[in-house]
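Scroll down for the structure; my scribbles are underneath it.
The values are calculated or read from the model by the stated rules, or taken from the named source; none is laboratory data. These numbers were taken from a predicted model, which means no experiment stands behind them. Here the Cβ is made from the backbone with ideal geometry for all residues, glycine too, and neighbour counts use every protein chain on show. Note: accessible area is taken over every heavy atom of the protein model, side chains too, but ligands, DNA and RNA are not part of it. Shrake-Rupley method; radii C 1.70, N 1.55, O 1.52, S 1.80 Å.
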Amino acid sequence: MQFQQLQYFVAVAETRHFTRAADLVHVAQPSLSQQIKALERELGADLFLRARGNITLTDAGEALLPLARRILADADTARHEVLELVQLRSGRVRLGATPSLCTGLLPDVLRAFHDRYPGIRLLIEEGGSHDLVRELARGALDLALVVLPLPTPSPALTTVELLREDLVVVSSPEAPVPGRGRTVRISDLEGERLVMFRHGYDLRELTVAACRAEGFEPDFAVEGGEMDAVLGFVRAGLGVAVVPRMVATKSGRGLRVTPLARPGLHRTIALAHRSDVAPPRAARELQRMLLER
């Protein structure tokens with residue numbers, strides 16, 4: 001089995017077309033087809049069902065695809081690791097983070113990292129913890145900032161707790177204050193119109209679970225947004241939202257910020273990476289800066 005054959009296999013699997021796959025990997029289509037057939041002979045199984053205008057994966061192809069992607073991702077990481085200069089003047093870091101952390105925690109840390117290592121490219125992927133864990137596992141990310149506990153615990157990942165953050169209620173200054181005092185109880189949100197994040201968003205699951213624990217279903221005015229959209233809808237007076245204190249502090253213009261009454265709501269942020277592969281050197285340096293921030 002050759003590395004190049006896996007590249008060709010993944011290209012065909014993703015494009016479902018031999019000619020387009022050949023264009024993607026910059027090789028003649030007959031050469032690509034020949035290498036795919038050689039790989040199938042080596043494995044003793046067909047990888048594709050070939051029909052005119054319809055290329056699909058066989059069961060063997062479905063089994064090979066995630067492994068091939070991981071091998072290619074690991075090889076790409078190894079190449080970048082070797083190419084990094086001793087003084088970290090080149091390279092890249094692929095960092096995943098939830099959108100709220102991209103708004104709250106990361107800007108200052110990434111600015112400090114960029115000032116120290118201007119030659120390192122920072123590739124940021126936003127997503128929920130479930131998506132980020134999957135991307136880490138397949139080798140598409142070096143590090144990820146995730147919310148604990150993980151949606152699907154994985155022994156293949158190492159996590160280090162980074163911070164425990166309070167959640168607060170944000171509302172429009174023109175709207176009535178939720179609750180009756182200087183703090184808001186979760187029960188005060190019953191009957192309030194909430195601006196809610198999309199499915200798969202950690203804050204959505206946490207807020208909905210807290211409301212249900214108080215015996216009521218939350219009432220959504222708007223749902224399906226990312227962090228910036230949610231804050232914008234709240235500023236417009238469409239409803240209230242539960243967000244991290246750090247985000248509310250940094251984005252507080254045009255918002256009323258009210259703490260939650262004790263015991264409140266909190267979330268634990270952790271830095272995660274694969275256990276079986278050490279992060280590249282530049283990623284390890286960013287990891288150190290995050291842990292020491």
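Things worth noting here:
- Looking across segment 19-44, the residues that are closer than 20 Å to residue 58 by Cβ and in contact with a Phe, Trp or Tyr (Cβ under 9 Å, 6 or more places away or on another chain) come down to 21, 32, 33, 35, 36, 39, 40.
- If the condition is being closer than 24 Å to residue 146 by Cβ and open to solvent by 20 Å² or more (accessible area, probe 1.4 Å), then segment 187-207 contributes 198, 199, 200, 202, 205, 206.
- Considering residues of segment 154-186 that are touching a Pro at 6+ places or on another chain (Cβ under 9 Å) and acidic (Asp, Glu) only, the residue surrounded by the fewest Cβ atoms within 10 Å (Cβ to Cβ): 166
- Among the residues making up segment 140-168, those that are of a type in the set (Gly, Ala, Ser) and modelled with pLDDT under 90 are 154, 156.
- In segment 97-133, the residue that is farthest from residue 282 (Cα to Cα) out of those that are of a type in the set (Asp, Glu) and out of contact with any Cys (no Cβ under 6 Å at 6 or more places or on another chain) is 131.
- Looking only at segment 237-261, and only at residues there that are open to solvent by 70 Å² or more (accessible area, probe 1.4 Å) and either on the phi > 0 side of the Ramachandran plot or in contact with a strand residue (DSSP E or B) (Cβ under 9 Å, 6 or more places away or on another chain) (or both), the one that is modelled with the highest pLDDT: 238
- Candidate set from segment 208-220 (those that are open to solvent by 30 Å² or more (accessible area, probe 1.4 Å) and within 26 Å of the chain's Cα centre (by Cα)); member that is farthest from residue 265 (Cα to Cα): 220
- Any hit, segment 203-222, residues being modelled with pLDDT under 90 and in contact with a strand residue (DSSP E or B) (Cβ under 7 Å, 6 or more places away or on another chain): yes
- Failed criterion for residue 275 (all others in (1) buried (at least 18 other Cβ atoms within 10 Å of the Cβ); (2) among the hydroxyl-bearing types (Ser, Thr, Tyr); (3) in contact with a Leu (Cβ under 8 Å, 6 or more places away or on another chain) hold): (1)
- Residue, farthest from the chain's Cα centre (by Cα), within segment 26-45, restricted to residues that are in contact (Cβ under 8 Å) with a residue 12 or more places away in the chain and open to solvent by less than 40 Å² (accessible area, probe 1.4 Å): 38
- Top-ranked residue in segment 87-135 [being open to solvent by 60 Å² or more (accessible area, probe 1.4 Å) and under 12 Å from the mean Cα position of the chain (by Cα); ranked as farthest from residue 269 (Cα to Cα)]: 123
- Close pairs from segment 102-117: first touching a residue at least 40 places away in the same chain (Cβ under 8 Å), partner open to solvent by less than 30 Å² (accessible area, probe 1.4 Å) and outside any helix (DSSP H, G or I), Cβ under 7 Å, at least 6 apart: 103/251; 104/244; 117/88
- All positions within segment 169-193 that are on the phi < 0 side of the Ramachandran plot, assigned to a loop (DSSP other than H, G, I, E, B) and not hydroxyl-bearing (Ser, Thr, Tyr): 173, 174, 175, 176, 177, 178, 180, 181, 182, 185, 190, 192
- Options 15, 19; residue that is open to solvent by 20 Å² or more (accessible area, probe 1.4 Å), free of Cβ contacts under 8 Å to residues at least 24 places away in the same chain and more than 29 Å from residue 144 (Cβ to Cβ): 19
- Test: residue in segment 231-249 that is in contact (Cβ under 8 Å) with a residue 24 or more places away in the chain, of a type in the set (D, E, K, R) and touching a helix residue (DSSP H, G or I) at 6+ places or on another chain (Cβ under 7 Å): no
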